[in-house]
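Inspection log for the structure reproduced underneath, given as structure tokens.
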Amino acid sequence: MLDLRFIRENTAAVRRAISDKQMPDALEKLDQLLLVDEEHRLLKRDLEEKQAERNANARLVGQLKREGADAGELMAAMAALSDEVKRLEDRERSLQTQLDALLLEVPNLPHASVPYGESEHDNVVAKEWGAKPTFAFEPRPHWELMTARGWVDFEVGVKVTGAGFPVFKGTGSRLVRAMRNYFLDRLAAAGYLEVVPPLMVNAASATATGQLPDKEGQMYEVTDGFFLIPTSEVPVTNVHRDEILAVEELPIKYTAFTPCFRREAGSHGKDVRGLNRVHQFDKVEMVQFCAPERSYEALEEMTRIAEGFLEELGLAYRRLLMCTGDLGFTQAKKYDLEVWSPGQARWLEVSSVSNMEAFQASRLRTRARPGGVTGKGKTEPVHTLNGSALAFPRTIAALVETYQDADGAVRVPEALREYLGVARLE
RNA sequence: GGAGAGGUGUCCGAGUGGUUUAAGGAGCACGCCUGGAAAGCGUGUGUGUGGGGAUACCUGCACCGAGGGUUCGAAUCCCUCCCUCUCCGCCA
């Protein structure tokens, strides 16, 4: 979240950012926040004054009693003050609760380099790589290719769970496993520490990374107050919640392979055909905690890593710089990578790399200082970033469509051969 | 799931209603000492938020797992929840 004092002192900039992000509801929250903040600050001064008086007198009572003197009169006089303190404390608590809730509703500011735009149509194509493949035959979409060979079974997924839960089988399943090892090996070599996080998180974690409040509808909520993770960003970023990191250890880089669960309510049509949009999918994620002055360097680095995978796999892609209107609530800057799907003649988003700056770190109460928790000096903010490298189903879709032969077999790009052990998926 | 014990600062650890502004120790930092170091001695050492002087200064308030309550006053008493440990049960 944004720092309350920052909001107070830069209200115009915050207002502007909210409207650039096309989040009108947040404007109302901001106005409420400023009102509550004003009342809260006034009340708190009054309260603290009375608390100080109460504390002093309570101490005096103790002293009188120790000396054997009669404290009855003072204690009686204290009752009224004490009631007043209690009343003010109740009010203060209520205002603090409101403040906390409202603060969670104010979105992050876009970075200065983010272009203005009202919607996804205004995103900027920052680069394109690779030639879209051409075919001597009509390329088929992945759902035809993969179901024909039994690599994925949508119908059995419907039976077992419901729509959007495809079942990978045989060669399809091995492809998933190969990609998992391929991505993780490369990321480990790039200095990312591999972790296997929980697939369910509590509300505190979901709040810290920004899924709550308001976006609970996008997650599956299970019993005991847990949520299935929509991305491993949530559990992995929360690893350092409530911690003071050592500046010397930054940047801290993690990678994780996990399934991701998304309700995707309201999606329909060609968007959800085949593997385009499913409720459960695998993804390898990168997460980074770094010094503020390095975070935009890190954003480029992480984006390059994700692009490197697509280049190694020989898949045509483009990088989009997201405009203000398509930035998420927590994000200051974001790149999306879209891979070309020849069988569908459209772009598919396979990666999203974002810099949250200090926004998540503030919700996480993660900060840094030389020497870490036992170190000296003031704590400093850290920046958090995350990015997919890559989302599996769409990458698989683009891969089989790109490398399909007329007979429906699929050539295996060089990078994956050592992991699959074959040059062609028959 | 049942029974019991327990959660105190970076760590260990005292503390069952009032000189605790959280004892003491360890660690860490700085200083003294030393040829240099160790030992020794001294000083300092949390987070958050507000006020004042506004670099390293002073000061209010809150925080002893979390949240409520009792009281003039709560780490200490009561309630709810979370977590850890031991034993039992169940179990991949």
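Report the calculated FRET efficiency for A:R346 and A:E9 (r = Cβ-Cβ distance, R0 = 30 Å), to the nearest 0.05. Write down the numbers at each step before the final one.
Values: r = 45 Å, r/R0 = 1.51.
The formula returns an efficiency of 0.10 here.
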Task: Gap separating the Cα centres of the stretch A:83-137 and the stretch A:195-268, nearest whole Å - done: 16
- [ ] Assuming a ≥ b ≥ c are the square roots of the Cα gyration tensor eigenvalues, decide whether the stretch A:293-414 counts as rounded (a/c under 1.5), prolate (otherwise, with a/b larger than b/c) or oblate.
- [x] prolate
Task: Point-charge dipole on Cβ atoms (K/R +1, D/E -1) for chain A, about Cα centre, debye to 20 - done: 660
Task: Principal axes of the stretch A:335-377: Cα extent on each, largest first, Å - done: 58, 18, 11
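For the stretch A:69-200, what Kirkwood radius comes out of the mean inverse Cα-Cα distance, in Å? Each step should come with its number before you reach the end.
Numbers: mean 1/r = 0.0427 Å⁻¹.
Hydrodynamic radius (Kirkwood, Cα pairs) of the stretch A:69-200 is 23.4 Å.
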Task: Relative contact order %, the stretch A:154-254, counting alpha carbon pairs below 8 Å whose residues are six or more apart - done: 23
Open item on the list: Given an 8 Å cut-off on Cα distances and at least 6 residues of separation, report the relative contact order of the stretch A:14-109 as a percent.
Closed with: 50
- [ ] Please check which bits of the stretch A:325-348 a label hung off A:T147 would reach, taking the label as a point 7 Å along Cα-to-C-beta and the cut-off as backbone N under 17 Å.
- [x] A:343-344
- [ ] Pull out the extension gain between A:S113 and A:A203, defined as 0.36 nm times the separation in residues minus the alpha carbon to alpha carbon distance; nm, one decimal.
- [x] 29.1 nm
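Stretched out fully, how many nm does the piece from A:E155 to A:E418 gain, at 0.36 nm a residue minus the Cα gap?
Numbers: separation 263, 0.36 × 263 = 94.68 nm, distance 3.12 nm.
Full-extension gain reported as 91.6 nm.
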Open item on the list: For a quick check, take a GNM of chain A with Cα springs below 10 Å and name the residue from A:D122, A:D326, A:D46 with the largest mean-square fluctuation.
Closed with: A:D46
- [ ] Mind putting together the pair-distance distribution for chain A? All Cα pairs, 20 Å bins, whole percent per bin, short to long.
- [x] 22, 48, 21, 7, 2, 0
TODO: Could you name the lysines whose alpha carbon sits less than 27 Å from that of A:K50, not counting residues in the same chain fewer than 8 places away?
DONE: A:K65, A:K86
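Say R0 is 51 Å: what FRET efficiency, to the nearest 0.05, do A:D122 and A:A52 get from their beta-carbon distance?
On the way: r = 54 Å, r/R0 = 1.07.
After rounding to 0.05, the efficiency reads 0.40.
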TODO: Under a cut-off of 17 Å between alpha-carbon atoms, report the lysines in cross-link reach of A:K253, not counting same-chain residues fewer than 8 places apart.
DONE: A:K283
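What's the FRET efficiency of A:Q280 with A:D407 using the Cβ-Cβ distance as r and R₀ = 41 Å, to the nearest 0.05?
Working: r = 31 Å, r/R0 = 0.75.
The calculated FRET efficiency here is 0.85.
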Open item on the list: Rounded, prolate or oblate for the stretch A:133-266? Axes are the square roots of the Cα gyration tensor eigenvalues, ordered a ≥ b ≥ c, and the cut-off for rounded is a/c under 1.5.
Closed with: oblate
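Every number in this text was worked out from the coordinates using simple rules, so none of it is lab data. Predicted, not measured: the structure shown is a model, and the values here were computed from it. Note that each Cβ is placed from the backbone with ideal geometry, even for glycine, and that neighbours are counted across all protein chains shown.
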